[in-house]
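Below is one structure, written out as structure tokens, with a few remarks after it.
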Amino acid sequence: MSNPKTESAWAPRIIRPADAGVSASPEGLAEYLRATDPGDLLVESRAVVFRGFGVSGDSYDGVADLLLPDRLAYVHGNSPRTKVGRNLYTSTEYPAEFEISMHNEMSYAHAWPSRILFFCDIAAATGGATPVVDGKLWLDSIDPEVREAFQAGVRYTQNLHDGMGFGKSWQATFETDDRAETEAFLDRAEAEWSWLPDGTLRVTQVRQATLKHPVTGTEVWFNQADQWHTAGLGEDAAAMAEIVPEDELPQNAYFADGSPIPAEYITHVQEVGMKMAVNVDWEVGDLLFVDNVAVAHGRRAFTGQRRILVAMS
């Protein structure tokens with residue numbers, strides 16, 4: 001495969017109190033946001049860091065409500081998270097020593113958040129940056145052979161256990177214990193689903209591999225095949241795949257027609273995304289506001305304590 005481009009000319013915009021012409025306080029940031037259209041801000045910059053405003057857990061809601069007026073629950077999310085506030089979650093609970101590859105949040109689903117807001121409550125001792133990548137740059141940097149192979153889309157499969165097993169349960173995934181409510185959600189999502197004898201919920205969805213931005217029309221790489229495919233999930237997933245039948249794995253990804261995706265394609269997509277990414281190195285109180293279609297995000301490995309919270313709209 002050809003080598004990807006080596007650098008990105010784009011980086012998130014950083015707005016400090018002096019840039020906004022307001023006081024270095026949560027109230028100052030709120031004043032700035034009331035006079036600014038967040039949608040216009042994202043179309044122009046794609047991702048914005050608000051730094052130096054002293055936002056804390058106590059003042060978070062007042063600021064977040066101006067950026068995300070209608071926060072979404074993380075229903076049908078596949079990442080391990082804990083709900084800690086009003087549709088506010090830990091950003092991920094994967095072990096600190098692992099990187100998380102680039103992705104657009106819930107791009108495997110029938111609907112996804114258009115905006116994401118990250119908040120740094122505790123910064124890592126070392127590492128722990130949130131890398132972000134321009135989705136058009138990522139798409140353009142992927143080998144043409146791979147892009148062509150994904151043209152018809154991605155088929156995602158899930159086996160969500162009934163409370164005991166590998167991966168997430170269907171109750172945690174859909175934030176309900178009600179089967180009928182879950183079934184109705186999946187029907188609205190035009191997903192295929194079935195209940196297995198042991199209570200496992202099997203879900204299959206065919207989704208897009210690329211997407212055109214609803215405002216700019218720019219086409220971007222927009223799928224999570226590499227985060228569902230065993231080749232993209234590290235040694236533990238590879239070991240699981242050796243002992244668990246393929247159709248019983250917690251999750252997997254195929255081409256739209258159900259044919260297997262070569263492992264080297266998955267590795268290539270991940271490596272290109274991480275290589276083209278720009279790190280956002282956290283300071284306590286930072287807010288990172290992201291256009292979830294235009295920009296993908298991930299996580300660098302870290303040491304020490306790290307607490308990044310996330311909300312979506």
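How many residues does the range 271-293 contain that are part of a helix (DSSP H, G or I) and surrounded by fewer than 20 Cβ atoms within 10 Å (Cβ to Cβ)? Working first, answer last.
From the range 271-293, those part of a helix (DSSP H, G or I) are 271-276; that's our starting set.
Filter again for surrounded by fewer than 20 Cβ atoms within 10 Å (Cβ to Cβ), leaving 271, 274-275.
Counting residues in the range 271-293 that are part of a helix (DSSP H, G or I) and surrounded by fewer than 20 Cβ atoms within 10 Å (Cβ to Cβ) gives 3.
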Given (1) modelled with pLDDT under 95; (2) in contact with a Gly (Cβ under 7 Å, 6 or more places away or on another chain); (3) among the charged types (D, E, K, R), number of the condition Arg300 does not satisfy
(1)
Considering only residues that are closer than 26 Å to Asp257 by Cα and among the hydroxyl-bearing types (Ser, Thr, Tyr), look in the range 166-217 and name the one that is surrounded by the most Cβ atoms within 10 Å (Cβ to Cβ).
Thr182
Which of the residues that make up the range 218-235 are surrounded by 13 or more Cβ atoms within 10 Å (Cβ to Cβ) and free of Cβ contacts under 8 Å to residues at least 12 places away in the same chain?
Leu233
Kindly provide the set of residues from the range 175-191 that are under 23 Å from the mean Cα position of the chain (by Cα) and either aromatic (Phe, Trp, Tyr) or assigned to a loop (DSSP other than H, G, I, E, B) (or both), ordered by number.
Glu175, Thr176, Phe185, Ala189, Glu190, Ala191
Please specify each residue of the range 249-270 satisfying the condition of being in contact (Cβ under 8 Å) with a residue 60 or more places away in the chain and part of a helix (DSSP H, G or I).
Glu264, Tyr265, His268, Val269, Gln270
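Name the single residue that is nearest to Phe150 (Cα to Cα) among those in the range 209-248 being outside any loop (DSSP other than H, G, I, E, B) and in contact with a Phe, Trp or Tyr (Cβ under 6 Å, 6 or more places away or on another chain). So that I can check it myself, show each step before the final result.
Within the range 209-248, the subset outside any loop (DSSP other than H, G, I, E, B) is 210-212, 219-221, 225-228, 230-232, 234-243, 246-248.
Subset that is in contact with a Phe, Trp or Tyr (Cβ under 6 Å, 6 or more places away or on another chain): 210-211, 221, 228.
Values: Thr210: 9, Leu211: 12, Trp221: 10, Trp228: 15 Å.
Ranking the candidates gives Thr210 first.
When you go through Gly304, Gly258 one by one, which is the residue that is on the phi > 0 side of the Ramachandran plot and in the same structural domain as Ala124 (by TED's automatic domain parsing)? Working first, answer last.
Values: Gly258 fails: in the same structural domain as Ala124 (by TED's automatic domain parsing).
Among Gly304, Gly258, only Gly304 is on the phi > 0 side of the Ramachandran plot and in the same structural domain as Ala124 (by TED's automatic domain parsing).
Within the range 294-313, work out how many residues are under 20 Å from Leu66 (Cα atoms) and outside any strand (DSSP E or B). Spell out how you get there, then give the answer.
Within the range 294-313, the subset under 20 Å from Leu66 (Cα atoms) is 308-313.
Those still in the list that are outside any strand (DSSP E or B) too: 313.
Count: 1.
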As an exercise: evaluate Glu271 against (1) among the charged types (D, E, K, R); (2) over 25 Å from Leu117 (Cβ atoms); (3) more than 19 Å from the chain's Cα centre (by Cα) and give the number of the one condition it does not meet.
(3)
Is one or more of the residues making up the range 109-122 touching a His at 6+ places or on another chain (Cβ under 8 Å), among the aliphatic types (A, V, I, L, M) and in the same structural domain as Gly232 (by TED's automatic domain parsing)?
no
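The values are calculated or read from the model by the stated rules, or taken from the named source; none is laboratory data. Bear in mind that the values here come from a model prediction, so they are computed numbers and not experimental data. All Cβ positions, even for glycine, are placed from backbone atoms using ideal geometry, and neighbour counts span all protein chains on display.
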